[in-house]
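**Q** Please find one structure pasted underneath; my questions will follow.
The values are calculated or read from the model by the stated rules, or taken from the named source; none is laboratory data. Source: prediction; values computed, not measured. Protein only, heavy atoms only, side chains kept; ligands, DNA and RNA dropped before computing areas. Shrake-Rupley method; radii C 1.70, N 1.55, O 1.52, S 1.80 Å.
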Amino acid sequence: MSDTITSEATTTHGVQLSDAAAGKVASLLEQEGRDDLRLRLAVQPGGCSGLIYQLYFDERLLDGDTTAEFDGVEVVVDKMSVPYLDGATIDFEDTIQKQGFTIDNPNAQGSCACGDSFH
């Protein structure tokens, strides 16, 4: 891997990525055959509780984005989402009942029954 230097204007955020989630993201990126993608976490208006999480791969690095790296996986959060996500942890659950990424967010005051939106 080559070392890349991020822009000085790019700051870090308080979102954490668990070892299990970092491993799963790295595996998915390897399957895609791409090394230019980042994991982006954002919040947008919507859902039954007011805000909904967006978690997806993104090749862009936008003005004001904050980044942090976990075992070679870069996690990006836009500047508007940082206050809602500071201290949140992205994990990956793989059980007989559920498989997928989860977001534990201490800033959420409440969430809907499905767990996809919060306020």
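**Q** Please give the length that would be gained between Glu93 and Gln54 if that part of the chain were fully extended, namely 0.36 nm times their separation in residues minus their C-alpha to C-alpha distance (nm, one decimal).
**A** Gain in length upon complete extension: 12.3 nm.
**Q** Please report the accessible area of Thr12 (heavy atoms, 1.4 Å probe, ligands and nucleic acids excluded) in Å², nearest 10.
**A** Accessible surface of Thr12 is approximately 100 Å².
**Q** Expected output is a single nm value to one decimal: the length gained when fully extending between Gln109 and Asp63, i.e. 0.36 nm times separation in residues minus the C-alpha distance. What is it?
**A** That works out to 13.7 nm of additional length.
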